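Only the coordinates and a few stated rules stand behind these numbers; no lab work does. Note that this is a predicted model, so its numbers are computed, not measured. Don't worry about glycine lacking a Cβ; one is built from the backbone with ideal geometry, like all the others, and counts go over all protein chains shown.
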Amino acid sequence: TSALEAVKPLPQGESKELIAIVMHRTGKAQWRADEKATWQSAQVDDALPAGAMIRTGLKSALTLRVGLNSSILIDSNARVALPRIIQDGDQLQTAVKVERGRADVKVNHVGLTNDFSVVTPTGALAVKGTGFACRYDAFDGTSIVGAKTNTMNAIEVHYYASKLAYYLSGGAISSNKNENP
């Protein structure tokens, strides 16, 4: 019931700002709320507002749940910004700016209209509901590539009385009999 309440349309003309939540971090990843704020180390469950800027180091990655309908894996040595994350009536409006590096994006259909865009220095993409990756560098410009869905760790499983966490994506299966996928 609470999940359905979270994705119901707002009254016509009403809007609210949404946030991005850090789901997983590997290596060095930092964020700041805007250009004037100081950089801080990204931690699981950090809430990033619209306008947040993110940077990752070498051999690092950051997975975010953005708004109500998308997940983003920001790869190593990347610079990404989240200029817009809002719900306006029955529409989810999200903009992701890939300034450098690679970001894997998964946009879900949740019963509201998706207005999701990825902007790079040389182009813009409109996403209605799919998974893909967008990469930008000075040599090749903007590239669209297949998403690294198996590294997104979209599902995290903890078994009672166990200190281990299992991350599942794609065709992975976990059960009480066979915990490690």
Margin query: Output needed for the range 48-138: three equivalent-ellipsoid semi-axes, defined as square roots of 5 times the C-alpha gyration tensor eigenvalues, in descending order, whole Å.
Written below: 22, 13, 12
Item checked: For Asp90, residues with placed amide H under 5 Å, excluding near neighbours -> Leu10
Check: DSSP loop GluC sites (Glu not before Pro) in the range 1-69 with at most 16 other Cβ atoms within 10 Å of their Cβ, which ones?
Finding: Glu14, Glu35
Checklist line | Label-to-label distance, nm, for residues given as Ile86 and Lys36 (7 Å Cα→Cβ offset) | finding: 2.0
Item checked: Entries of Lys16/Lys97; Lys36/Lys59; Lys106/Lys163 with Cα pairs more than 23 Å apart -> Lys36/Lys59; Lys106/Lys163
Margin query: In whole Hz and in residue order, list the ³J(HN,Hα) couplings for the range 10-23 that follow from phi through the Karplus curve 6.51 cos²θ - 1.76 cosθ + 1.60, θ = phi - 60°; x for Gly and Pro.
Written below: 7, x, 3, x, 9, 9, 8, 7, 10, 10, 10, 10, 6, 9
Checklist line | Net charge over other residues, Cβ less than 10 angstrom from the Cβ of Val127 (K, R count +1; D, E count -1) | finding: +1
Next item on the list: Sketch the reach of a paramagnetic label on Ile19 as a point 7 Å from Cα along Cα-to-Cβ, and name the residues of the range 47-62 whose backbone nitrogen lies under 14 Å away.
Entry: 47-52
